[in-house]
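The block underneath contains the structure these notes are about, expressed in structure tokens.
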DNA sequence: TTATTACTTTATAATCGTTATAATTAGTCT
DNA sequence: AGACTAATTATAACGATTATAAAGTAATAA
């Protein structure tokens, strides 16, 4: 049941001193319930019914608020627009080159790569990102 | 000596049936000689002196041509604009969170991650990308 | 309760990177 | 040289995101 997740997220925000407006609630709910990784515009369109007067800026503003609270991650791939992902546990993404579908997958952290990079470059390493690209089962079937 | 690299790249393009115009030569030369990973606009500005009438579109067009020929890779990080990297050997990048500097570093391919992802998700995996983020030595010193 | 304040939302305009268009110029081929 | 193709230029268009200013809403203090 995802309402537990939503409540947890909201408690989290409240503790951080963030006001829970109806719009914020709806955006968060949509992010958690849609198991996908929607763009700002997709969220905007999905909530058009409930909030006919909501502005795109509100979506962007609140996604930034959620990001700053550590609840949401922004996924940026080269082309087109950012996608937003509710942070639950650490995971990587595999992306279909053909249809764009994004699927989560888990893998133990690449600590080894980070520490090698650190010693070779002299950087102080904080984090890394990785994505894998390929063709999803659906698209494989369709040739 | 980088003129050897330039000539090799040009031969490569010629074989692929790409005309070598003065602009293309200059863009390629700049990409190879500047050891950095310039944006399209940086290239445009760097060549302003030699080609006062060159249009930004020419830079973008030709970067696409080079990409299609496999000579250049486009690096897309979330914010701001794409950076372009001359393909020599496979390598990853480590990026400074503070000043944005990009440094190459080598690491054996992450075949294991790819094959795990393949078996877990059912995707047919083609490639992956990875970047590491941290603070570079210069910025560490400056606190 | 009312006044004051800070925070949110809205509507709209602006910005920025990139791409499309149409006209002009330059190369290539016979 | 003439015909054809490709490349460049200048400019406009586009789409994602951000900035701005005005109006609305909630929280707090008197």
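Those residues that are part of a loop (DSSP other than H, G, I, E, B) and surrounded by fewer than 17 Cβ atoms within 10 Å (Cβ to Cβ), I need them from region B:122-143; list them, please. Give the derivation first.
Residues of region B:122-143 part of a loop (DSSP other than H, G, I, E, B): B:122-123, B:136, B:142-143.
Residues satisfying the conditions are B:122, B:142, B:143.
This table checks each residue for (1) over 21 Å from residue B:104 (Cα atoms); (2) at pLDDT below 95; (3) assigned by TED's automatic domain parsing to the domain that holds residue B:104; (4) within 13 Å of DNA strand C (Cβ to nearest atom).
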residue	(1), (2), (3), (4)
B:11	yes, yes, no, no
B:23	yes, no, no, yes
B:33	no, yes, no, no
B:36	no, yes, no, no
B:64	yes, no, no, yes
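Determine if region A:54-63 includes at least one residue that is more than 14 Å from chain B (Cβ to nearest Cβ) and more than 14 Å from DNA strand D (Cβ to nearest atom).
no
Matching residues to (1) closer than 29 Å to residue A:73 by Cβ; (2) over 11 Å from the mean Cα position of the chain (by Cα); (3) free of Cβ contacts under 8 Å to residues at least 24 places away in the same chain; (4) part of a helix (DSSP H, G or I):
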site	(1), (2), (3), (4)
B:19	no, yes, yes, no
B:25	no, yes, yes, yes
B:30	no, yes, yes, yes
B:93	yes, no, no, no
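Among the residues of region B:73-91 satisfying the criterion of being under 21 Å from residue A:116 (Cβ atoms) and assigned to a strand (DSSP E or B), which is nearest to the other protein chains (Cβ to nearest Cβ)?
Within region B:73-91, the match that is nearest to the other protein chains (Cβ to nearest Cβ) is B:75.
The conditions are (1) modelled with pLDDT of 95 or more; (2) more than 12 Å from DNA strand C (Cβ to nearest atom); (3) closer than 27 Å to residue A:92 by Cβ, and residue A:45 fails exactly one of them. Which is it?
(3)
Mind checking whether some residue in region B:98-121 is surrounded by fewer than 15 Cβ atoms within 10 Å (Cβ to Cβ), more than 10 Å from chain A (Cβ to nearest Cβ) and within 12 Å of the chain's Cα centre (by Cα)?
The answer is no, given that none of the residues of region B:98-121 is surrounded by fewer than 15 Cβ atoms within 10 Å (Cβ to Cβ), more than 10 Å from chain A (Cβ to nearest Cβ) and within 12 Å of the chain's Cα centre (by Cα).
Any idea which of B:68, B:48, B:15, B:74 is surrounded by fewer than 17 Cβ atoms within 10 Å (Cβ to Cβ), closer than 26 Å to residue B:107 by Cβ and not assigned by TED's automatic domain parsing to the domain that holds residue B:110?
Being surrounded by fewer than 17 Cβ atoms within 10 Å (Cβ to Cβ), closer than 26 Å to residue B:107 by Cβ and not assigned by TED's automatic domain parsing to the domain that holds residue B:110 holds for just one of B:68, B:48, B:15, B:74, which is B:74.
The values are calculated or read from the model by the stated rules, or taken from the named source; none is laboratory data. Bear in mind that the values here come from a model prediction, so they are computed numbers and not experimental data. Glycine gets a Cβ as well: all are built from the backbone with ideal geometry, and neighbour counts include every protein chain shown.
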